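Notes follow the structure.
The values are calculated or read from the model by the stated rules, or taken from the named source; none is laboratory data. Small disclaimer: the values here were computed from a predicted structure and weren't measured. Using ideal geometry, Cβ is built from the backbone for each residue, glycine included, and neighbour counts are taken over all protein chains shown. Surface accessibility is based on the protein's heavy atoms, side chains included, excluding ligands, DNA and RNA. Shrake-Rupley method; radii C 1.70, N 1.55, O 1.52, S 1.80 Å.
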Amino acid sequence: MKLNGRWIWSVGAVGLAVVGVSLGHFTRTSYDAKRGFPELERIYATNPAPIRDDGSRPMGGRSAGEYFDNVLEILKEQFVDPIRDETPLAHGAVSSMLQSLRDPGTRFYSPVEWRRYRDQLEGKYEGLGADLAIIWKGEGSNTELPLTVVSVFDSGPGHKAGLLPGDVIEEVNGNWVASRSLLNDLAIASEKRQKGEITDEEYQIEFERLREKSLGAISINDALERVQVSSREPVNIMVLRKGVPVTITVTLASGSFDLVEKDADIIRIRTFGRGVDTRMSDVLSTSGDVTVDLRNNPGGSFEIMENCLAQLIPQGEYARIVTKRGSPAVPLLLKSGAKHRLNIIVLVNEGTAREAELFAVALRDRANAKLVGGPTAQLGFLSDHYTLADGSGYTLTRGHFVDLQGTSLLVERLVSGSSPSNQEGGN
């Protein structure tokens, strides 16, 4: 069987796009030069860009704003169809710009996605009932963008169907989520054939499997949209769980959950959303033992997290944050703190992420708390939230959390039995 050239193009589109841009630039430049266009040097970045004092290099010696304006100008003047609404162009530019940073805490959201994102901080969900993140892995042709389940909300559709933190969404109703290049899989099969590890027939079977996979592929954004809406019919979702494919069937729905609640001596904080700090002060005792349950807590508001923390540990330094790579970590300080010492146990799991991980490590280091469960998500970063004029928005990673011993929470995964090495520092 001959290899299908059309399929090779589809699965290698990312790599070929780079070549295409280069060839297209050369062709357009030659064509425009013949027509005597005088603006080429202004529009195209043809000269080496000077390096700024901070080591950065603007595109073609021009700022990003000028660069984008030039492209927009060409689109409006030369594109075959009239561009009547520039909003999709703006969304696409911002989304791609943020995605190019390859950071799981930096992402653009359409107006509908932004509403859903903010609803989670209010105890509402739609679709799976899960916090999802795109987590970059690998480099170059080996780059992967797995759509990863960070946390699963109790009693939500995903939780009832057996979805777990750490699951990677691979297929939605049989459509593969295009999170990596299938050419790598094909190259591996080809190498096995050359080494005699598989037969020609087995190679052709693998080729057909990958071809069918690519033809039914959907983008990561399409996948996000499909699992974050209500559905009347059950949806089949195939996830990779520690590399093993698992299929779950779920009817997507809308719902809500309590952000914080108390049962006996256990305080459950599901996310650090609005009002959680006030509610916590109402249910917290001033003496005795308390268990703080942070399982499947994806984080939330940094300010509210600090307000909750101040009810459990003394004032002073409780952790640090690196806001510029290569610069010293800056202390995170509480101006006020708890007056009474409590015996604290903290429950964590792989769905404990972001501000919740910081909360747990601060209790460990400043209140001698024992951590039970884990490991955690290893997503110890702080993201700022920005709402744009049309209702869309984006998150931007502002810093990485570091514990009092100097270990980054992007590296440290809090695990069962963790104990502090600094019990009272920072008073």
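Computed over all pairs of different Cα atoms, the Kirkwood value for the hydrodynamic radius of the stretch 251-327 is 14.2 Å. Each label was represented as a point 7 Å from its Cα along the Cα-to-Cβ direction; for GLN315 and ALA64 these points are 3.9 nm apart. Taking GluC sites (Glu not before Pro) across the stretch 186-249, the ones in a DSSP loop with at most 12 further Cβ atoms lying within 10 angstrom of their Cβ are GLU197.
Between ALA130 and PHE153, the built amide H atoms are under 5 Å apart, and every one of these is 5 or more places off in sequence or on another chain. Average accessible surface for the stretch 251-296: 48 Å² per residue, computed with a 1.4 Å probe over protein heavy atoms with every protein chain in place. Using a probe of 1.4 angstrom, how much of the accessible area of the stretch 104-145 is carbon and sulfur, in percent? Ligands and nucleic acids excluded, carbon and sulfur give 48 percent. Shown is the FRET efficiency for VAL112 and ASN343, computed with R0 = 60 Å from the Cβ-Cβ distance and rounded to the nearest 0.05: 0.85. Applying both filters, DSSP loop and at most 16 other Cβ atoms within 10 Å, to the trypsin sites (Lys or Arg not before Pro) of the stretch 287-362 gives LYS324, ARG325, LYS335, LYS339, ARG341. So what's the gap between the Cα centers of the stretch 125-158 and the stretch 315-351, to the nearest angstrom? With the stretch 125-158 and the stretch 315-351 each reduced to a Cα centre, they are spaced 26 Å.
The accessible surface of the stretch 325-420, taken with every protein chain in place and a 1.4 Å probe, is 53 percent carbon and sulfur. Less than 5 angstrom separates the built amide H of VAL402 from those of ARG320, ILE321, VAL322, LEU409, all sequence-distant by 5 or more or on a different chain. Each residue of the stretch 89-94 was assigned a 3J(HN,Hα) from its phi angle through the Karplus expression (A = 6.51, B = -1.76, C = 1.60, θ = phi - 60°), giving 5, 5, 4, x, 5, 5 Hz with x at Gly and Pro. Taking 26 Å as the straight-line reach from the Cα of LYS160, the lysines in range (excluding those fewer than 8 positions away in the same chain) are LYS124, LYS242, LYS262. Database remark: amide H of GLY351 closer than 5 angstrom to the amide H of ASN296 (H placed geometrically; neighbours at sequence offset of 5 or more, or on other chains; Pro and chain starts carry no H).
The residues of the stretch 88-203 have, on average, 46 Å² of accessible surface per residue, using a 1.4 Å probe with all protein chains present. Once the Cβ-Cβ distance between ASP263 and ASP119 is put in as r, and R0 is 25 Å, what FRET efficiency do you end up with, to the nearest 0.05? Calculated transfer efficiency: 0.50. Loop-located trypsin sites (Lys or Arg not before Pro) across the stretch 128-197 with a Cβ neighbour count of 15 or fewer within 10 Å are LYS195, with loop assigned by DSSP.
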